[in-house]
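The values are calculated or read from the model by the stated rules, or taken from the named source; none is laboratory data. This one's a predicted model, so the numbers in the text were calculated from it and none came from an experiment. Note: ideal-geometry Cβ built from the backbone for every residue, glycine included; neighbour counts use all protein chains shown.
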Amino acid sequence: MFQNDMKEAKTKQVSIKDIKPEIFKQLLYYIYSGRISGPLTEDAARLLFAAADIYNVQDLKNECARFLLTCVRLDNAINLMAWAHLHSVDKLKEAALTFVASHGKEICQLDDWERLIKNYPDLCLLATRRMWN
């Protein structure tokens, strides 16, 4: 990147557009220290997981996934389940799926449930089957 006639070699700058600056700072902090800087939020954990996935920082992905396991609630279980499905975070997907199945009556009344039916019919079917078992 810093060799030949590439733009980065001339400007001595690398532009990273797919990760927010604060998330990239946290990623770098983790790479250098092995720790997450400051308390995580659900949104930050998702974004940090995605950044760690891009740069193949497996330990950080694992920490973010463990944190997200503690975040499953009625108001976010469907979204976390779909997100975990997309990112192949099996433990989180299973935890969210179990939560959704055990709170079926409340979950099915949410707008997120209708979006799940439209966007992820396979997950909806899986959750519905779990509700009935």
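Of all residues in the range 47-78, how many are outside any loop (DSSP other than H, G, I, E, B), over 27 Å from Ile16 (Cα atoms) and within 12 Å of the chain's Cα centre (by Cα)? Looking only at that region, the number is 1.
Residues are listed down the side, and each one gets a yes or a no for (1) touching a Ser or Thr at 6+ places or on another chain (Cβ under 6 Å); (2) crowded, with 19+ Cβ neighbours inside 10 Å; (3) touching a residue at least 24 places away in the same chain (Cβ under 8 Å); (4) not assigned by TED's automatic domain parsing to the domain that holds Pro121:
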| residue | (1), (2), (3), (4) |
| --- | --- |
| Cys64 | no, yes, yes, yes |
| Asn76 | no, no, yes, no |
| His87 | no, no, yes, no |
| Lys91 | no, no, yes, no |
| Glu94 | no, no, no, no |
| Leu97 | no, yes, yes, no |
| Val100 | no, yes, yes, no |
| Gly104 | no, no, yes, no |
| Cys108 | no, no, no, no |
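Taking the listed residues Ile36, Ile19, the one that is outside the structural domain of Ala95 (by TED's automatic domain parsing), modelled with pLDDT of 95 or more and assigned to a loop (DSSP other than H, G, I, E, B) is Ile36, with no other qualifying. If you go through the range 16-64 and keep only what is more than 22 Å from Leu92 (Cα to Cα) and among the basic types (Lys, Arg), you end up with Lys17, Lys20, Lys25. Within the range 113-127, the residues that satisfy the criterion of being in a helix (DSSP H, G or I) and either surrounded by fewer than 18 Cβ atoms within 10 Å (Cβ to Cβ) or in contact with a Cys (Cβ under 9 Å, 6 or more places away or on another chain) (or both) are Trp113, Glu114, Arg115, Leu116, Ile117, Lys118, Asn119, Pro121, Asp122, Leu125, Leu126.
Please go through (1) loosely packed, with under 13 Cβ neighbours inside 10 Å; (2) modelled with pLDDT of 95 or more; (3) not assigned by TED's automatic domain parsing to the domain that holds Tyr120 for Val57 and return the number of the only condition it doesn't satisfy. Only one criterion is unmet by Val57, namely (1).
Trp132 meets the conditions (1) over 26 Å from Lys17 (Cβ atoms); (2) at pLDDT 95 or above in every case but one. The failed one is (2).
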